[in-house]
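Heads up: the structure comes next, in structure tokens.
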Amino acid sequence: MAGAAHCSLQAKRLLLDPKFEGYKLSLEPLACYQLALDAAVAEVHLRDDQYTLDHMRAFGMYNYLHLDSWYQDNVYYVDQFGRVMNLSVTLDTALQKPREVFRLPTDLNACDNRLCATMHFSSSTWVTLSDGTGRLYLIKSGKRGSSASEKWEIVFNEELGSPFIVAHSVSFVKSDAHSLAVLLLRVEKDELDTKGSGFHVTLEWVTIAERKEGDHRYEIIKRRILKGKSVPHYAAIEPSGDGLMIVSHKPFTFMQSESDKLEENDDAKVSNEKKDPLYYWQQTEDDVTITVHLPQDITKDDIKIRFSPDNICVTLKDQTPLMEGNLYSSVDHESCTWIIREDKSLEISLIKKNEGCRWPELIIGDTRGEFVMDPSQCSEIAENLMHLTSEVMNPNPEKENPPCNAQELEECDAFLEDGASLCRFDGDTLKVTHIINLGSNQYLFSVVVNPKEMPCFCLRHDVDALLWQPHSDQPENMWEHIATFNALGYVQASKQDKKFMACAPDYSYAALCECLRRVFIYRQPTPLATVLYNRKEGRQVGQVAKQLVATLETNDPILGFQATSERLFVLTTKTLFLIKVNSGN
């Protein structure tokens, strides 16, 4: 990750509400409809050998209900007979029974080590489907959501090794050929891991394209595998198929083929040959000194140096410049000098215009030099920082503003995975191009706001939950803050039994459900119809955010949970519940 750009997420201040007063519990009734299923959901319980936290996260907490973001209020699930069942809602009071749109050709119960059947909607007419036994299906579905035009037809069907779940997929056209890229997730036994859990996680990135013969058949053209030590919170392929973004607690790296290893070894040899710095530089409060080792045949007449207030250019023998670029800060260019020392090295002296300013780099963006710090400067910096440190844990506990004590944090503020990172991988080089250390920005959930874009992810920022939209085609704005759910980061942390979280694609509400029965809904603040006063502060309250609670009439565990702009879908083993949250326009 040496060449990766270290980035940060920039929150939009206009989307934050520092004066948010919390959620008011609303007792307004929520319309709740339920449909009994003809056959139970094809739930797969964890086996005795699937005992790690990664198995629980990937398979035990799997969301068995699939939302088709290309068509409004359209959900799918797979039942125990291998049937893909669909419910398309237009009117809550006239609900139809879920209908069969496809049946898996294989017997789901015949494979001992199978996982749950999974699917992903790659486009408005393409679906990727796994039966949980290690077989991948590409399906041309036609326009989904209406029985008239929907017909699921298998165009690709291949065994791809050990069982997997489909994490994500995209459909795109490249080199005039239709292609689909699919991300497959596995948790596999790791014989070399004797100190850890004994398992590792792999993400296989498979690209399947239409053959050029014109027979409309599809074949695999590329298979790449990433390996990591934790199940990713978020993994998605860019719409163009050129890159991949992963949010995970532990890093992922591409497993190389033999040819890749040979190429990397050649690159390593080249980089080792060039590893010596091109120049060394030192600085004081007044000036900067640069030292460059010269080749033996260079004389004073061969050296040309051009100084300007913000720029430097060093050329030897009319060749391409040895050093050139914008300086970190301005210099007094008329006072800058250079000499050739006895050891045949070139010494350049730059006089700082802003005295006392320390430069973190010499030439902006140039990493070929090495900064050498004077020992006296090291001791001076240490002395300046001395007042910030102490050998005693809390030397003065009675003072007016005591230091922060971690024990003062509430239990719901603590979470285990504080080292998560967001990485963007390039599909050609297989290297990390961008990396963000998420630190304490806990991952909460993902949601598809626009099916033509990558899924959004929601992170905790202090007490709030911020929604981020990746833009793979905008390098200067690759992650955009598009919505805020006030105090949701804090609220969700107190729900110890939560299983799934989601939000409406129009950001009108966020919701979470527990393992059994209860669903919590958090609406965005809305203007009040009546005047309300805050007695403590003696001011009028203009808007209020409501919390609603729905309790489902079932004792079965919740297996699936999806949110649309109007309603929530909740799936249990034998029942599909619909909760009307917003009325349609």
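Overview of values
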quantity	calculated
Residue pairs, from the table Lys250/Lys574; Lys250/Lys431; Lys495/Lys574; Lys189/Lys499; Lys143/Lys229, whose Cα atoms sit over 28 Å apart	Lys250/Lys574; Lys143/Lys229
Kirkwood estimate for the range 1-133, i.e. one over the average of 1/r between Cα atoms, Å	18.9 Å
Estimated distance in nm for a label pair at Thr253 and Gln96, the labels positioned 7 Å out from Cα along Cα-to-Cβ	5.3 nm
Of all accessible heavy-atom area on the chain, the percent that carbon and sulfur account for (1.4 Å)	49 percent
Nearest-ten-degree value, helix 258-273 long axis tilted from longest Cα axis of the chain	20 degrees
Relative pair counts by distance (%), Cα atoms of the chain, 10 Å bins	3, 13, 21, 21, 16, 12, 9, 4, 1, 0
Relative contact order of the range 117-188, defined on C-alpha pairs under 8 angstrom at six or more residues apart (%)	28 percent
Within the chain, longest stretch clear of exposed GluC sites (Glu not before Pro) (DSSP loop, no more than 10 other Cβ within 10 Å)	1-190
Cα-based radius of gyration of the range 128-210 once divided by 2.2 N^0.38 Å, which approximates compact folds	1.37
Dipole magnitude of the range 130-262, debye to nearest 20 (Cβ charges: Lys/Arg +1, Asp/Glu -1, about Cα centre)	280 debye
Assigned charges on the beta-carbon of Lys, Arg, Asp, Glu; the chain dipole about Cα centre (debye)	2580 debye
Cα coordinate range in the range 308-378, projected on the principal axes (Å, largest first)	36, 27, 26
Net length gained if the chain between Lys12 and Asn113 were fully extended (0.36 nm per residue, minus Cα distance)	31.7 nm
³J(HN,Hα), Karplus 6.51/-1.76/1.60, whole Hz, each residue of the range 35-44, x for Gly, Pro	10, 6, 8, 5, 9, 5, 5, 7, 7, 10
Loop-located trypsin sites (Lys or Arg not before Pro) in the range 275-379 whose Cβ has at most 10 other Cβ within 10 Å (DSSP)	Lys275, Arg341
Relative contact order for the chain, counting Cα pairs under 8 Å that sit 6 or more residues apart, in percent	14 percent
Average accessible area per residue (Å²) across the chain - probe 1.4 Å, nucleic acids and ligands excluded	54 Å²
Most positive-pole-ward Cα, Ala31, Phe164, Pro309, against dipole of the chain from beta carbon charges	Ala31
Set of lysines near Lys140 by C-alpha distance (under 25 Å), chain-local residues within fewer than 8 positions excluded	Lys97, Lys151, Lys174, Lys212, Lys222, Lys452
Paramagnetic reach from Ser26 in the range 545-564 [backbone N under 15 Å; point 7 Å along Cα→Cβ]	545-550
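The values are calculated or read from the model by the stated rules, or taken from the named source; none is laboratory data. Model, not experiment: these values are computed from the prediction. Positions of Cβ are backbone-derived with ideal geometry, glycine not excepted, and every protein chain shown enters the neighbour counts. Ligands, DNA and RNA are excluded from the accessible area calculation, which covers all protein heavy atoms including side chains. Shrake-Rupley method; radii C 1.70, N 1.55, O 1.52, S 1.80 Å.
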